[in-house]
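The values are calculated or read from the model by the stated rules, or taken from the named source; none is laboratory data. In this text, all values refer to a predicted model and were calculated from it rather than measured experimentally. Cβ atoms come from the backbone with ideal geometry, glycine included; neighbour counts cover every protein chain shown. To get the accessible areas, we keep the full protein, side chains included, count just its heavy atoms, and leave off ligands, DNA and RNA. Shrake-Rupley method; radii C 1.70, N 1.55, O 1.52, S 1.80 Å.
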Amino acid sequence: MAQVLTMEAVSTEAGEGQRIELRLILDQPAEFPFMAQIQLTGVDATGGVDFAPPVIPVTFLENEVRKRAVVNIIDDPVDEPYRETFIASVDSVMPLEPGTVLSVINGAAAIPLTVIDDDNEFSVSAQPGPEGGAAILTIRQEYDSETDEVVIVSPGAGSATPGLDFEPWHKVARFPPGTTEASLAIGLMADDVPEQTETFPIELMHMGSGTATFEPSQVTGTIIDETERAIPVRIEYTEGTVQMTYSGQAFTQPFQHPAMQGTLTRHLGGTRMTLSQASGTDLELRRYCAEDTDFTGIAEGIPGLSAGDIGAGNRTGWRGEFVVDGIEFDYAMFERSDGSYSGYGRQRGDVDGASILTRHGYRVIPLVEEEPEVPRLPTESPEAQLPPEAVTDAVARQVAADLGMSAEAVRPYLSTSLGPDMTSGDGDSARTVEVEIWLDADGRPLPADRAAPGPCDPGYGEARAATTRLRYRIGTAGEAIIGQAVTQDTSTGRLEEAYMEDFGNASNNLDTAVERAHGGLSPALRAPK
């Protein structure tokens, strides 16, 4: 009676560096020794490159029923399509003893087998950005994967300084199945110092199995200097008066400044502006409390202007002063509802025995057209990578341990938000969770719900004002939870100290990530009064 030989696969797919096991089975014990030859034929996988060997001889001895054959999947560093296929079939059965008539029927069906590629090749490009903007990093994956791929982006120090010229946060680019491109934005920090174009290196690391290559292996971020944008303005002056008093006699006569072009620069921190006139004079202005300003008395000396025309009714405004050859100049201006400014200027002093007082009004009109409002569809609420409440609680526990307080007592000093969406394209745009604490000059936390004091508020400019912002950014990279933390100077915006967790040692525990971020930064905290 003829015997029937069949073949089955323990598994039909395997990753690089793994094996696929095939089994040859007789329906009854072998009567005579024979050899079955398994032929491996590539479809889009290649023998000797993706799998080996291409031919597997399998020997059955007398009375044997089942035999095993192993296909080796070759590990290589080359990124290829995620799935490549080849076919296993039994192409011949032959006796091993001369003169034997073998009665074995080859009933082994061909079996498709699959190689799973775990290598990744990424091409990377970086687009320069202006100060106050962002450098855009675009990462493209050569072949799509059926698993989530994660790339870590780490900016480093170059001619540009981390925390001073750009944000040092490590970024995570995610490539879920179906995604082959993602873009990340590295925030660039504005300043008021003219500089040359600056650069910083950006390193990339793949989190996962297999070999990952980046082309180029390191890219460069470029910062284009755009020292605080000066807004072009037109400066228009009203008719003013000059009053001279000499030997007890007073003389008053009108004068008129011609209109001129200029620029207005709003400086970082929101407390200073510079009005640059085409005549070459720069007027420095600071925020101030205008409640004690005698607008009525000033307006009396300016023909055709009321106190309201020069700023009466405003609690705060912008003021500056300087002295040249004993002559005092002071000026102030106040923002109007249309975005322009109105104000006054005065000049007081003695010239050749005569006492002089000049007064005039002026307007500063921005020459920048406002962009029209475009109706937009409502956007969906962004998703968080981690539960915000859980992150806030974890930070509260770490800070409380430092301050000798309970976590519940610390919560009013914490504010929580989602981090910015730093991805574009088809990449995963779930947000990190950010927890902030504002500190005074002594390192004492300030209540999160406090209102920032204005120039007319008690305590404006005193030590209890926030001087430092302590920021925790907690997110995920694959299964890992990543903790980062920085301290930021509130007046300059500069990030002064930073802790970035080593992604290679990251854990999947939230409390561990927060503990590392807090301990790594070691902020000097004192209990609030």
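For the chain, with all protein chains present and a 1.4 Å probe, just round the carbon and sulfur fraction of the accessible area to a whole percent.
C and S atoms contribute 48 percent here.
Need one word for segment 34-92: rounded, prolate or oblate. Basis is the Cα gyration tensor (sqrt eigenvalues a ≥ b ≥ c); a/c below 1.5 gives rounded, then a/b vs b/c decides. Intermediate results must be reported in sequence, preceding the final value.
Working: a/c = 3.33, a/b = 2.54, b/c = 1.31.
Verdict is prolate for segment 34-92.
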What distance in nm lies between label points placed 7 Å from Cα along the C-beta direction at residue 350 and residue 106? 12.2
Sort out the exposed loop GluC sites (Glu not before Pro) in the chain (DSSP loop, at most 12 other Cβ within 10 Å) and tell me the longest stretch that has none. 147-290
Rounded to the nearest 10 Å², what accessible area does residue 87 show when all protein chains are kept and the probe is 1.4 Å? 50
Could you check the simple spin-label distance between residue 161 and residue 245, using points 7 Å along Cα→Cβ, in nm with one decimal? 5.2
Within segment 307-322: backbone nitrogen closer than 18 Å to the residue 286 label point (7 Å, Cα to C-beta): 316-322
Taking 0.36 nm per intervening residue step and subtracting the Cα-Cα distance, what contour gain separates residue 96 from residue 35 on full extension? 21.3 nm
For segment 118-275, what is the accessible area per residue in Å² when the probe is 1.4 Å? 46
When Cα Rg over 2.2 N^0.38 Å is calculated directly from the model, which label among [x] 1.22; [y] 1.11; [z] 1.57 fits? [z]
Between residue 68 and residue 417, take the C-beta separation as r, use R0 = 41 Å, and let me know the FRET efficiency to the nearest 0.05. 0.10
Give me the angle, in degrees from 0 to 90, between the Cα long axis of helix 510-521 and the longest principal axis of the Cα atoms of the chain, rounded to the nearest 10. 50
Report the full-extension gain for the segment residue 61 to residue 337: residue separation times 0.36 nm, less the Cα-Cα distance, to one decimal in nm. 89.5 nm
With labels modelled as points extended 7 Å from the Cα through the Cβ direction, what inter-label distance (nm, one decimal) is found for residue 13 paired with residue 277? 7.6
Unit-weight point scatterers at every alpha-carbon of segment 198-356, Debye formula, q = 0.15, 0.18, 0.20 1/Å: log10 I(q)/I(0) is -0.92, -1.23, -1.43
Using alpha carbons only, how many degrees (0 to 90, rounded to 10) separate the axis of helix 388-403 from the longest principal axis of the chain? 70
Yeah, segment 239-300 with a ≥ b ≥ c from its alpha-carbon gyration tensor (a/c under 1.5 is rounded, else prolate when a/b outruns b/c, oblate otherwise) is oblate
Taking 0.36 nm per residue of sequence separation and subtracting the Cα-Cα distance, how much length would be gained by fully extending the chain between residue 296 and residue 127, in nm to one decimal? 55.4 nm
